[in-house]
Amino acid sequence: MSETPEARERFRGLLIGTAVGDALGLPAEGVSRRRARKMFRGGWRHRLLFRRGMASDDTDHTVLVAQCLLAHPRSAERFARRLAWSLRLWLLSLPAGIGWATLRSILRLWAGYPPARSGVYSAGNGPAMRAAPLGAFFADSPDRLDDYVSACTRITHTDPRALTGAKAVAYVAAWAIRDQLRERPGIDDLLDVMRRAATAADQEWQELLELMRRAEARGLQVGEFAASLGLDDGVSGYIYHSVPVALYAWHRHFGDFEGTVSAVLDCGGDTDTAGAVAGALAGAVLGEGGIPRDWVAGIVDWPRGVTVIRLIADRLAAAGPDRHFARPVRYFWPGLLPRNLVLLIVVLAHGLRRLAPPY
């Protein structure tokens, strides 16, 4: 996709949409659907800290991937090496809410394992939460897209299902950017894109696609679709749960950022990751201008705040895999440690709050 104002707007929407979905969902992470309805009344808004929000590891990983793309847009191997070092250093900043598989993988990286062998056998949703920028960047280069998604995934997760989920997110992001989607596509078009993410032998994935098709034919809402997957208590961290729910919400509420993200968050469970994925894909269609302003303005993060994320998005849109290089964006990275300590305290406070009513 050539560099245009629309391209910049869509890249901004993807990255900022990730941060918004992540920040909105973080206070509700791990809360059941039923209890979330009681605790978070009056519509979704920032509630992490005095009606303000901060992003978690979902946005951190997305930013790291984007920065590594800017540094190495033509070599998946070099990209993976840089991302591996970025993850090693990210762990030293004491991030809150790191996944168990990701933690083990980064410890393996510190122990000397190369990026191609550091991953652990897990189908957690870590690879999905950072896949959208890869799809947008390589929208016109499907072979390189596959190489980069595979390299990005196996650093932390080696279960084939993790790669399938990550590819599905990346492919839909690439579709939105490449075809400049403006109208809601047919469900069969979406399922065709998702089908390419897995082999025909993956029966579980094929069954999920059929469930999505039936849900759309019956006019099921996102929460009803999640319930049909057995997720009455919330979307789990299993990538074959979080990705189909996020993609179904993207299609069901196409062109409506607030509706897309709210529908996912209403499901409860792993709300920050599901919200981040849905926000990225909705933002890739609508651009930053399609995201509610109060949701963007409510993120008070530092040193990787919205301003830095917007600049990274602009450089991604300007660079592209076949155009000139763009340097990664510089920011005051020493501020990450105190920032993460503050976030950790806030997250622990929310954990204590959940011990109190309403139940």
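A short reminder: the numbers here are calculations on the coordinates, not readings from a lab. What you are looking at is a predicted structure, and each value in this text was computed from that prediction instead of being measured. Note that we place each Cβ from the backbone using ideal geometry, even for glycine, and neighbour counts take in every protein chain shown.
Report the chymotrypsin sites (Phe, Trp or Tyr not before Pro) located in region 10-56 that are in a DSSP loop and have at most 11 other Cβ atoms inside 10 Å of their Cβ, or state none. It would help to have the intermediate numbers written out before the result.
Details: sites: PHE11, PHE40, TRP44, PHE50; in loops: PHE40, TRP44, PHE50.
Answer in residue order: PHE50.
Answer with a single label: of (1) 119; (2) 134; (3) 158, which was calculated as volume of the Cα convex hull per residue in Å³ from the structure in view?
Correct label, based on the coordinates given: (1).
Go ahead and set up a Gaussian network model of the chain, Cα springs under 10 Å, then flag whichever of SER150, SER75, SER262 fluctuates most.
SER75
What does the extension gain come out to for ARG34 and ALA356, with contour length at 0.36 nm per residue minus their alpha carbon separation? Working shown, then result.
Values: separation 322, 0.36 × 322 = 115.92 nm, distance 1.53 nm.
This chain segment gains 114.4 nm when fully extended.
Tell me which trypsin sites (Lys or Arg not before Pro) from region 155-189 have a DSSP coil assignment and no more than 11 other beta carbons within 10 Å of their own. Please list the in-between numbers first.
Details: sites: ARG161, LYS167, ARG178, ARG182; in loops: ARG182.
Sparse-neighbourhood loop trypsin sites (Lys or Arg not before Pro): ARG182.
Local charge sum around TYR240 (other residues, Cβ-Cβ under 12 Å, Lys/Arg +1, Asp/Glu -1)?
Values: positive: ARG161; negative: ASP159, ASP202, GLU204, GLU207.
Around TYR240, the charge tally is -3.
Which residue, ALA249, ALA297, ALA317, tops the fluctuation ranking in a GNM of the chain built on C-alpha contacts under 10 Å?
The residue that fluctuates most here is ALA297.
In a shell of Cβ-Cβ distance under 12 Å around GLU288, excluding GLU288 itself, what net charge do Lys and Arg (+1) and Asp and Glu (-1) give? Display every interim value, and only then the final one.
Values: positive: ARG8, ARG10, ARG12, ARG293, ARG310; negative: GLU6, GLU9, ASP314.
Combined, the nearby Lys, Arg, Asp and Glu give +2.
Only sites in a loop by DSSP and with at most 14 other Cβ atoms within 10 Å count here; which chymotrypsin sites (Phe, Trp or Tyr not before Pro) in region 111-186 make the cut?
Values: sites: TYR121, PHE137, PHE138, TYR148, TYR171, TRP175; in loops: TYR121, PHE138.
Sites meeting the loop and neighbour criteria: TYR121.
Grab the other residues whose beta carbon is less than 14 angstrom from that of TRP90, score K and R as +1, D and E as -1, and report the net. Walk me through the numbers on the way to the answer.
Working: positive: ARG82, ARG88, ARG130, ARG304, ARG339; negative: ASP57, ASP58, ASP60.
So the surrounding residues net to +2.
Arrange the peptides 329-340, 78-89, 54-65 so that the one whose residues have, on average, the most other Cβ atoms within 10 Å appears first. Numbers along the way, then the final one.
Working: 329-340: 14.8, 78-89: 19.3, 54-65: 26.2.
With the highest mean Cβ count within 10 Å placed first, the list reads 54-65, 78-89, 329-340.
Enter the Cα centre distance for the pair region 1-67 and region 202-259, rounded to the nearest angstrom.
Their Cα centres are 19 Å away from one another.
Rounding to the nearest 20 debye, state how big the charge dipole of the chain is about its Cα centre with +1 on each Lys and Arg Cβ and -1 on each Asp and Glu Cβ.
Working: 45 positive and 37 negative charges, 243 e Å.
Once rounded to the nearest 20, the dipole reads 1160 debye.
Could you state the number of Å between the C-alpha centres of region 68-83 and region 294-348?
A separation of 18 Å, based on Cα centres.
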